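Right, one structure below, let's go through it.
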Amino acid sequence: MALHDTNAATGIARQPSHIFKNNRSCDQSGSVPVTTRRRIVHLHGNTYHHDRQEPDSPKCGSSGPEPLEEFLDAKIPTSKSLPGISFDPKALKRRYVEERDKRLREAKTLGGLDQFQLVETNGPFADYLQDPWADRAFNRAPVTEDLDVLILGGGYSAQIVASKLLMRGVSNFKLVDKAGDFGGTWYWNRFPGAQCDIESYIYMPLLEETGYMPTEKYARGKELLAHAERLGRHYGLYPKALFQTEVQSMHWNEQELLWTIKTNKNDKIRAKFVIPCAGPLHRPKLPGIPGMDRFKGKAFHSSRWDYDYTGGDSAGTLYRLRDKRVGIIGTGATAVQIVPHLAEWSKELYVFQRTPCSVGVRGNKPTDPAWAESLKPGWQAHRTVNFNNLCNGMPEEQDLINDGWTDLLPDIFGQQNPDLSPDEAAAARQLIDYQKMESVRARVDREIENPRTAESLKHAFNRPNVYLIDTKGKSLNGVDETGVLANGEHYPVDVLVYATGFEHSTSFSHRANLEIYGRNGVSLTEAWKEGPRTMHGWSARNFPNCFFIHNIQATLTPNFIHAASETATQLAYVVSECQSRGIKSIEPLAEAEEAWVNTIVDLATKRLQFLAECTPGYYNNEGEVNLLAARESGYGGGAPAFMKLMSEWRDDGSMKGMELKF
């Protein structure tokens with residue numbers, strides 16, 4: 001779920017044939033659509049399903065969601081049972097299910113992930129992986145290093161790991177990243193309008209340690225990137241960084257109990273521990289649209305924005321598009337932020353939509369200096385925990401964040417009753433959702449009827465140069481030399497922007513673009529061919545001293561940086577304890593790993609029906625809900641419970657569940 005400014009969300013578009021018209025906008029929580037009295041483009045969709053309804057669990061590999069009528073009758077209360085609700089919940093749910101079914105039919109026809117094409121380093125779209133920000137003339141001599149730790153990555157997660165290691169006295173480490181500087185997600189994603197959807201006071205790490213205060217509640221891309229550079233300077237990480245360097249493979253040496261690392265710079269690196277921090281938002285994903293390679297105009301992925309062509313920067317002012325016809329493919333969180341800028345500067349803008357998206361009010365505001373001065377030491381950690389607890393339905397005396405996340409999620413997860421059946425629990429959560437929607441709906445109607453508010457909202461789709469092309473859940477027909485084919489019509493464009501997201505449900509090795517070879521030369525791809533196998537998400541058997549930072553079989557929380565920080569604390573503890581105790585290698589015992597994988601699957605299967613009911617996306621393996629999807633899930637017991645489990649594991653001090661070699 002992402003919260004976005006309303007000027008990126010809704011509006012009136014000049015509509016040729018095949019453009020979808022509807023009367024729905026979205027509430028602040030991004031949960032369900034709200035009817036307004038204006039002709040507004042329909043952009044509601046996937047995030048409705050974040051209420052995590054948990055009906056009866058299907059078996060792994062079940063055929064999918066139950067029939068529409070049975071689903072509606074069993075799970076949706078009627079308007080008569082919902083006092084104060086001025087619409088028919090069953091009819092509303094029908095709209096969501098129908099939207100899902102459009103995509104399911106398309107996904108089954110094309111084959112889940114097969115509807116996309118992977119961007120390979122030696123493939124026809126290899127240029128989409130190039131770094132537009134790096135110094136093309138950069139070169140360096142190969143290095144020879146014997147390290148305690150090699151950190152793969154240069155984003156916030158990698159920097160947090162580095163800071164935690166330094167705090168524990170571990171300084172013999174290097175960071176390797178293919179990018180030209182620190183930043184990770186924010187290094188690559190510099191598209192116009194880039195902005196975080198988690199409050200910057202809890203998303204931007206190590207604020208107290210660096211003495212920095214964000215300028216506004218939801219920081220923009222340029223500030224987020226600058227903070228990564230600030231962390232690099234503050235912790236002395238620049239001399240420890242090998243930029244514009246890709247790790248191609250890592251091999252475990254069982255005799256010497258260390259890793260040998262191969263890079264594209266012919267470096268000779270050996271490390272006792274390796275920590276891949278390959279984030280989820282860096283390797284572009286492209287749609288499998290026929291003819292993409294035939295297009296003669298300019299084309300690029302949103303994460304490799306070409307400002308030489310468009311002009312401007314991440315703040316906008318795309319002045320070189322004044323005489324250009326622009327097409328943008330995708331209407332997800334990225335496109336929602338880009339579209340207002342393209343609408344303002346393009347001669348014509350065509351927004352190609354397959355699945356409507358959810359859009360809510362961000363409610364951004366500048367940081368109040370008086371409030372910042374009033375904060376006491378430890379404020380960031382306290383605020384972060386407050387947000388995490390509220391999002392997981394745990395009691396807090398005060399909502400310190402007070403945004404769409406903490407407005408909706410506590411109501412859903414706070415209404416837990418162990419005496420309810422799964423169907424009754426699902427219905428109760430939907431009841432909460434409808435009641436929440438009605439309260440927001442009234443507020444939105446008042447705002448839309450306020451002439452001053454309506455005048456101040458610069459709706460991108462109100463512009464006469466903007467066209468929304470809705471394909472009703474189907475893929476585009478194709479791309480040719482001069483434009484895009486959709487719904488049987490041809491739309492000529494000079495430039496195509498692919499706001500189509502990133503690899504998520506592919507193998508870890510493909511997403512990270514490296515292969516990891518563990519004991520006996522077995523690759524991680526081979527070991528995980530039937531799904532990931534770890535203990536607590538961070539350690540895998542037969543891959544000693546290799547520690548992961550990701551959500552897989554670990555924790556899930558809206559604030560990814562909080563989860564990464566907790567994992568970094570765990571990894572820094574393990575590395576420092578291994579050094580102080582003379583432990584040469586550490587990996588899970590077979591039975592401990594098996595028990596954890598079973599725990600993940602058992603908890604995940606309770607949500608398989610929920611996942612099957614969502615429109616295809618990276619949350620549900622593009623509609624292919626099966627055992628593999630269950631094994632790729634996060635810990636289903638909630639983020640606070642997982643973090644408590646890790647803390648207790650460290651407090652125990654025995655490295656429980658681990659095989660140790662001295």
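Summed over the range 315-365, the residues that are closer than 19 Å to G473 by Cβ, touching a His at 6+ places or on another chain (Cβ under 7 Å) and part of a loop (DSSP other than H, G, I, E, B) give a count of 3.
For (1) free of Cβ contacts under 8 Å to residues at least 60 places away in the same chain; (2) in contact with a helix residue (DSSP H, G or I) (Cβ under 6 Å, 6 or more places away or on another chain); (3) over 13 Å from W186 (Cβ atoms), each residue gets a yes or a no:
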site: M213; (1), (2), (3): no, yes, yes
site: K222; (1), (2), (3): no, no, no
site: L225; (1), (2), (3): yes, yes, no
site: G232; (1), (2), (3): no, yes, no
site: L237; (1), (2), (3): no, yes, yes
site: L242; (1), (2), (3): no, no, yes
site: V247; (1), (2), (3): no, no, yes
site: Q255; (1), (2), (3): yes, no, yes
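For the range 464-492, the candidate set comprises residues that are modelled with pLDDT under 90 and either touching an Asp or Glu at 6+ places or on another chain (Cβ under 7 Å) or within 25 Å of R322 (Cβ to Cβ) (or both); within that set, the residue that is surrounded by the most Cβ atoms within 10 Å (Cβ to Cβ) is G473. Within the range 537-556, is even one residue in a helix (DSSP H, G or I), more than 21 Å from I160 (Cβ to Cβ) and touching a helix residue (DSSP H, G or I) at 6+ places or on another chain (Cβ under 8 Å)? Checking the range 537-556: not a single residue is in a helix (DSSP H, G or I), more than 21 Å from I160 (Cβ to Cβ) and touching a helix residue (DSSP H, G or I) at 6+ places or on another chain (Cβ under 8 Å).
F387 meets each of the listed conditions (1) closer than 19 Å to G501 by Cβ; (2) part of a helix (DSSP H, G or I) apart from (1). Which condition breaks for V574 when tested against (1) over 24 Å from the mean Cα position of the chain (by Cα); (2) not in a helix (DSSP H, G or I)? For V574, the failing item is (2).
Elements of the type strands (runs of 3 or more DSSP E) sitting completely within the range 112-195 and holding at least 1 residues that are of a type in the set (D, E, K, R), in contact (Cβ under 8 Å) with a residue 12 or more places away in the chain and closer than 23 Å to I516 by Cα: these cover 144-152, 173-176. Just so you know, in the range 593-652 the residues that are modelled with pLDDT under 65 and touching a strand residue (DSSP E or B) at 6+ places or on another chain (Cβ under 9 Å) include one that is surrounded by the most Cβ atoms within 10 Å (Cβ to Cβ), and it is E622.
Does the range 294-305 contain at least one residue that is surrounded by 18 or more Cβ atoms within 10 Å (Cβ to Cβ), outside any loop (DSSP other than H, G, I, E, B) and over 28 Å from the mean Cα position of the chain (by Cα)? No, the range 294-305 has no match at all. It is to be established whether one or more residues within the range 207-215 are over 16 Å from the mean Cα position of the chain (by Cα), in a helix (DSSP H, G or I) and closer than 16 Å to G279 by Cα. Within the range 207-215 (the criterion being over 16 Å from the mean Cα position of the chain (by Cα), in a helix (DSSP H, G or I) and closer than 16 Å to G279 by Cα), the answer is no, since none of the residues qualifies.
Per this entry, T555 is counted among residues that are at pLDDT below 95 and either surrounded by fewer than 21 Cβ atoms within 10 Å (Cβ to Cβ) or of a type outside the set (G, A, S) (or both). The set of residues in the range 557-571 that are part of a helix (DSSP H, G or I) and of a type outside the set (G, A, S) comprises F560, I561, H562, E566, T567, T569, Q570, L571.
Just one of the listed residues (G518, G582) is farther than 30 Å from D197 by Cα, surrounded by fewer than 20 Cβ atoms within 10 Å (Cβ to Cβ) and modelled with pLDDT of 95 or more, and it is G582. Sub-8 Å Cβ pairs linking a first residue in the range 371-398 that is farther than 21 Å from K644 by Cβ and at pLDDT 90 or above to a second residue that is part of a helix (DSSP H, G or I) and hydrophobic (A, V, I, L, M, F, W, C), at least 6 apart or interchain, number zero. Here V336 does not qualify as touching a strand residue (DSSP E or B) at 6+ places or on another chain (Cβ under 6 Å), buried (at least 16 other Cβ atoms within 10 Å of the Cβ) and β-branched (V, I, T). Among residues of the range 532-543 that are of a type in the set (V, I, T), those with a Cβ under 6 angstrom from a residue that is surrounded by 22 or more Cβ atoms within 10 Å (Cβ to Cβ) and outside any strand (DSSP E or B), sequence gap 6+ or separate chain, pair up as T534/A540; T534/Q553. Restricting the first member to the range 459-480 and to residues that are touching a residue at least 40 places away in the same chain (Cβ under 8 Å) and closer than 21 Å to L342 by Cα, and the second to residues that are aromatic (F, W, Y) and surrounded by fewer than 18 Cβ atoms within 10 Å (Cβ to Cβ), the beta-carbon pairs closer than 6 Å and six or more apart or on different chains are D470/F20. Pairs are defined by a Cβ separation below 8 Å, a sequence spacing of at least 6 or placement on different chains, a first member in the range 297-309 that is within 17 Å of G483 (Cβ to Cβ), and a second member that is assigned to a loop (DSSP other than H, G, I, E, B); the pairs so defined are G297/T482; G297/V493; G297/D494; K298/D306; K298/D494; F300/D306. Within the range 180-236, if we keep just the residues that are surrounded by fewer than 20 Cβ atoms within 10 Å (Cβ to Cβ) and among the polar types (S, T, N, Q), the residue that is farthest from G316 (Cα to Cα) turns out to be T210.
Selection over the range 216-248 of residues that are part of a strand (DSSP E or B) and modelled with pLDDT of 95 or more gives a count of 5.
Residues that are in contact with a helix residue (DSSP H, G or I) (Cβ under 9 Å, 6 or more places away or on another chain) and in a strand (DSSP E or B) were ranked within the range 638-662; the one that is nearest to W538 (Cα to Cα) is M658.
The values are calculated or read from the model by the stated rules, or taken from the named source; none is laboratory data. As the structure is a prediction and not an experimental result, all values here were calculated from the model. All Cβ positions, even for glycine, are placed from backbone atoms using ideal geometry, and neighbour counts span all protein chains on display.
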